[in-house]
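Working notes, structure below.
The values are calculated or read from the model by the stated rules, or taken from the named source; none is laboratory data. Here the structure is a predicted model, which is why all the values come from computation and not from measurement. Glycine also receives a Cβ, built like all others from the backbone with ideal geometry; neighbour counts cover every protein chain displayed. With ligands, DNA and RNA removed, areas are computed over all heavy atoms of the protein, side chains included. Shrake-Rupley method; radii C 1.70, N 1.55, O 1.52, S 1.80 Å.
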Amino acid sequence: GGAASHLPTTYPLSLLADAGPVKPAAAFSWGAYQQAQAVPKSEGQRRYHRQLSCAEIIVALGPAGTGKTLFAVQEGLQRLRKGSVARVILGRPDPTGRADEEEEEEAKTRLLTPLFDAITKVMADHTAADALAAARLLETQSFAGMRGRTHEAAFVIVDEAQNASLQQLRRLSDRLGNGSTLCILGDGSQPDRRVGGNWSAGADGISSSIEAYAKDLDKARETGMQTKVEVARLTNDDIWRSRPAREMRGFFSQIDSEEPAPRRQRLGGGAGELLRQAVAPSSARDATRQRGDEGAIYENRDAHGRGWP
């Protein structure tokens, strides 16, 4: 769908706070907002759109610009307007390693702003998210805030889920109450966290938590359970953010595919080896750097050769 003409750069800080106990919704004037309909433009987006309409639990993986967030937000708001759900809940992984409150708020803003931007596009008004929250139709919750809660008649969207651990993602599934839907969105190739809780202990050593969770759902579908479980895998062919974004993503993916075997293999291990390096005493790391050998060259790079800050 087309972008709103004037997207805000900031949103009210009240939107960032974890919602408290569930309260009855207040009156909301849907007629005051013009609903913009985003239309799928690729086969992958059309398939994802269909899956969103019927799934109770869905995980969507894919690069930025494929519509993961926009279509999930649009589906949630449509159900909210029809009365199929009582509220839309925006979930976020908890910030990690934040030393002060200001940096923590900055992390929350960064994680939630794409969701608010999607609401702005769908509602064609940058005040819509705040108005929905004031009417208690929209909540934001951290993973910590979700513990012990049951989400009844809610459309739950968790974005940037590649920054959550596999166990956190699994625990989200048992938060759902009757009439609720859970959407978990992310790009396994772009985790913000370093090695540790974000990485699965897969045989390849590079699978992220959201990719491992998607494999869990694939297996769950094979069991014949009644819960409607879906996995959407979007690719570079589904990028419609813009022509430059689509072409550059394809170009860099081609470069990655032409590179030799992952540098991770030169270290003789996967995530476990990287984790051991990350927690090694500083003196040991310094000694490795001084050697100037292959281990030092790639010591602070991930499985795809990208450098960590």
Computed E for D94/A32 - FRET, C-beta separation, R0 35 angstrom, nearest 0.05: 0.50
Solvent accessible area, Å² - L61, 1.4 Å probe, full protein context: 20
Spatial separation of Cα centroids for the stretch 57-79 and the stretch 207-240, in angstrom: 13
FRET efficiency, 1/(1 + (r/R0)^6) with R0 35 Å, evaluated for A134 and R47 via beta carbons: 0.50
Amide H contacts of V85 (H built 1.01 Å from N, under 5 Å, at least 5 apart or other chain): L80
Entries in K82/K121; K68/K228; K41/K121; K68/K215; K41/K228 that, when Cα-Cα distance is taken, lie over 21 Å: K41/K228
